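Everything below concerns the one structure shown next.
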C-alpha cells in the first residue's frame with residue numbers, strides 16, 4: 001500500500017497509470033489544478049534557465065582552489081598543537097591524573113615503610129569461665145595481646161612440638 | 001503517560017532500595033574466610049632458639065614487638081594451622097598438647113573489617129572467649145599458660 005506522499009509524487013511525475021491517476025484525482029479533487037500549476041512551473045524553468053558556459057573556466061577553478069587552500073584547517077592546527085594526540089585522549093589522561101591526585105591526597109593510607117601501620121585488632125569483649133583466670137588486653141602501636149593470668153602451668157614433660 | 005512515568009519512578013525507587021538493602025546486607029553478612037593460627041613459645045632460652053622453628057612468615061614482622069611486649073628474648077613456633085570459617089559452622093585450629101582455638105563466628109563489617117568470635121581451649125577446659133574487630137592480616141595474640149622456662153602464645157589471624 002503506497003502512502004499519500006508516494007502516490008502524490010508519482011502522480012506529479014506522471015508515473016501513475018491512467019486508472020490509478022483517475023482514482024487518485026477522484027479521491028483528491030484539487031490535484032488536477034495542482035498538477036497544472038506544476039507543469040506550468042516546469043515549463044517556465046525549462047524556457048528561462050539557460051546554462052552559462054564560462055569563458056575562463058581554468059582561471060575560475062584556480063581562484064577557487066586558492067581560496068580553499070588559504071582557509072585555515074582548524075582540526076589540523078589543533079592536532080599539530082597537541083602533538084598529534086586527540087582531545088579525547090588528553091581528556092582521559094587528565095581525568096586519570098586528577099583521580100590519582102585525589103586518591104593520594106584524600107584517601108587515608110598507611111605508611112608502607114611501617115608494617116604495623118595497617119594493623120587493626122580491637123578486643124571488644126573477653127570472658128573467662130574459670131574465676132581464677134583473668135584476662136587483660138594490652139594494645140600497643142601495631143600489636144594487641146590478651147594476657148591470661150591464673151592459668152595452670154603446662155607440664156614441662158609434655159611435648160608440644162609433635 | 002503520567003501513569004507510565006509514575007510506574008517507572010516506582011520501579012526505579014524500588015530498585016534503588018533493593019540495591020541499598022543488598023549492599024547493607026552484604027556489608028554485615030557472615031562470610032566464608034580462612035583463619036590462620038599458630039602456637040608460639042616465648043622464652044629466654046637462647047640454646048633452644050637454634051633448633052626451634054623460626055617465626056612463621058605471616059607474623060615475622062611482629063617478632064620484635066612481641067618479644068618486647070612479653071618480656072622474653074626469643075620466640076619459637078611450636079605449630080600452626082589454617083581453617084575455613086563458614087556461617088553457622090564453628091571450626092577449630094588444633095595444636096599439639098590439645099590446645100585449640102575454636103572460631104564460632106566471623107562477620108564482615110564495613111571497611112573490610114571482621115568481627116571474630118573465638119574461644120581458646122586447653123584440653124577440654126575453656127580458657128577464654130573473646131570478641132574482636134580485626135582486619136585481614138592483623139594477628140591477635142593471646143598469652144596463655146606457662147610452659148617449661150617460658151610461656152605459650154597463640155596468634156590468630158584472618159588471612160583470606
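For B:157, B:55, what ranking results if the residue with the fewest other Cβ atoms within 10 Å of its Cβ goes first?
B:55, B:157
What does the average come to when, for each residue of peptide B:123-134, you count the partner chain Cβ atoms lying within 10 Å of its Cβ?
Going residue by residue through B:123-134 and averaging, the value is 6.
What is the fewest-to-most order of A:38, B:147 by other Cβ atoms lying within 10 Å of their Cβ?
Ascending Cβ contact count within 10 Å gives the list A:38, B:147.
Would you kindly give the portion of the calculated P(r) for segment B:42-160 that falls above 18 Å, as a percent of all Cα pairs?
Distances greater than 18 Å cover 54 percent of the Cα pairs.
Summarise the partner chain shielding of A:124-136 as one whole number: the mean count of Cβ atoms from other chains within 10 Å of each residue's Cβ. Walk me through the intermediate numbers first.
Details: counts 7, 5, 6, 6, 6, 6, 4, 0, 0, 5, 1, 7, 1.
Average neighbour count from other chains, rounded to a whole number: 4.
Would you mind ranking A:106, B:69, B:152 so that the residue whose beta carbon has the fewest other beta carbons within 10 Å leads the list?
By the 10 Å Cβ count, ascending, the order reads A:106, B:69, B:152.
Laboratory data are not the source of any read-out in this text; all were calculated from the coordinates shown. Keep in mind the model is a prediction, meaning the values are calculated, not measured. We place every Cβ from the backbone using ideal geometry, glycine too, and count neighbours over all the protein chains shown.
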